[in-house]
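Structure record follows, encoded as structure tokens.
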Amino acid sequence: MAEKTTRKFAYVTLLLNSGYLPGSLALAKSLRDSGSTIPLILLLSKSNIPFETYNILTSSGYFERIINIDSDLIASKAEERYQLDEYLKRSDLHLAMSKLNVWRLMDYDRIVYLDSDMLVRGNIDHLFNDHEQELKPTDIIAASDSGWPDIFNSGLFIIKPSIEVFEKLHTFHRENNSFDGADQGLLNEFFNLRGTETGCHWYRLPFTYNCTLNSNYEYLPALIRFKDEIKVFHFIGLNKPWKNYNFCFNPTYAKIFNGEQDNLYALWWNTFQSIQIDTASTSYTGIRLLEASENLQRSFAD
Ligand code: GLC
Ligand code: MN
């Protein structure tokens, strides 16, 4: 009789400062709304957030585990800061390399990592089972980056945790600079561009699993063709839905997805405004959550 093996799966996201709190919560709520049965784990830099944020996160009930990664934070090296600051224009991502800690979560057989600026629109639990052959620790599954499709976007990826791969990544980072100064450049170099040398492989996931709509170039006919298949939106760039609602890209997009709503960010807001978190002393919804994450602007308060 074949032995029954139980496999442990988890979604993982990362929160390095309270500014992204609305994002983490909306992602978690969207996963829950999708009917997912897989637990969500939060990798958190506890020392970089105030107690109020921590209290909201623990009270939300959205996260099966909150893992403090303060002693495992990985900063971009001084030699990488130019790429990060000048080419990517994202100085705020100087700790994003901490994402590598996902490979250390050995309690799990397979992980689907999602950035906190993502919104799930349909059930994606099948990502834990899809893949022709067994996923090896040297594999990564991810969608193309919209800015450079030969590169994968590291906002969503599927991996099998492995200390050995984590250590190899760490050594690789010590010896090589990331070409974008953060995780996406390093992970692509390791799994994709130098795959023959490292023995690693990138498998491509459809773009509908990591659909980025706020970059400079969009392929509108394809967006219309695939609109009903989009499973995950990724709000890349400095402008996040919770930071600047009035930053409006092509209003055509809003019409495609929302009918009458004037801004694509409304997709995210519909989820965010459905959140209610009760701590011992306060009931948090929309505006109070923005206040707690120091994202409240006049336009929201009016
Ligand atoms: C891209 C990815 C993001 C990553 C960053 C830095 O913006 O979407 O996940 O952290 O590049 O490499
Ligand atoms: Mn992101």
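The values are calculated or read from the model by the stated rules, or taken from the named source; none is laboratory data. Since the structure is predicted, the reported quantities are computational estimates derived from the model, not experimental observations. All Cβ positions, glycine included, derive from the backbone under ideal geometry; neighbour counts span all protein chains shown.
Would you please list the contacts, defined by Cβ atoms under 6 Å and residues six or more apart or on different chains, that run from a residue in the range 9-37 that is farther than 17 Å from Gly61 by Cβ to a residue that is crowded, with 24+ Cβ neighbours inside 10 Å and of a type in the set (Lys, Arg)? The qualifying pairs are Leu14/Lys99.
Would you check which residues across the range 88-146 are away from ligand 2 (no atom under 15 Å from the Cβ), farther than 23 Å from Asp70 by Cα and crowded, with 18+ Cβ neighbours inside 10 Å and list them? Hits for the range 88-146 are Arg110, Arg121, Ile124, Leu127, Phe128, Leu135, Thr138, Asp139, Ile140, Ile141. Each residue in the range 159-182 was checked for being away from ligand 2 (no atom under 16 Å from the Cβ) and in contact (Cβ under 8 Å) with a residue 12 or more places away in the chain, and 16 of them qualify. Looking at (1) more than 17 Å from the chain's Cα centre (by Cα); (2) at pLDDT 95 or above; (3) within 16 Å of ligand 1 (Cβ to nearest atom), which is the only condition Ile141 fails? Going through (1) more than 17 Å from the chain's Cα centre (by Cα); (2) at pLDDT 95 or above; (3) within 16 Å of ligand 1 (Cβ to nearest atom) one by one, Ile141 breaks only (1). Looking at the range 196-213, can you tell me whether even one residue there is outside any loop (DSSP other than H, G, I, E, B), of a type in the set (A, V, I, L, M, F, W, C), farther than 28 Å from Phe166 by Cβ and more than 16 Å from ligand 2 (Cβ to nearest atom)? No; the residues of the range 196-213 include none that is outside any loop (DSSP other than H, G, I, E, B), of a type in the set (A, V, I, L, M, F, W, C), farther than 28 Å from Phe166 by Cβ and more than 16 Å from ligand 2 (Cβ to nearest atom).
Number of residues in the range 219-259 that are modelled with pLDDT of 75 or more and assigned to a loop (DSSP other than H, G, I, E, B) equals 12. Looking across Leu43, Leu100, Leu95, Leu105, one residue alone is farther than 30 Å from Phe257 by Cα and either modelled with pLDDT under 95 or among the small types (Gly, Ala, Ser) (or both). It is Leu95.
Of everything in the range 165-208 that is surrounded by 21 or more Cβ atoms within 10 Å (Cβ to Cβ) and of a type in the set (A, V, I, L, M), the residue that is nearest to Lys231 (Cα to Cα) is Leu205. Screening the candidates Leu156, Leu186 for the property of being within 16 Å of ligand 2 (Cβ to nearest atom), touching a strand residue (DSSP E or B) at 6+ places or on another chain (Cβ under 7 Å), in contact (Cβ under 8 Å) with a residue 60 or more places away in the chain and of a type in the set (A, V, I, L, M) yields one hit, Leu156.
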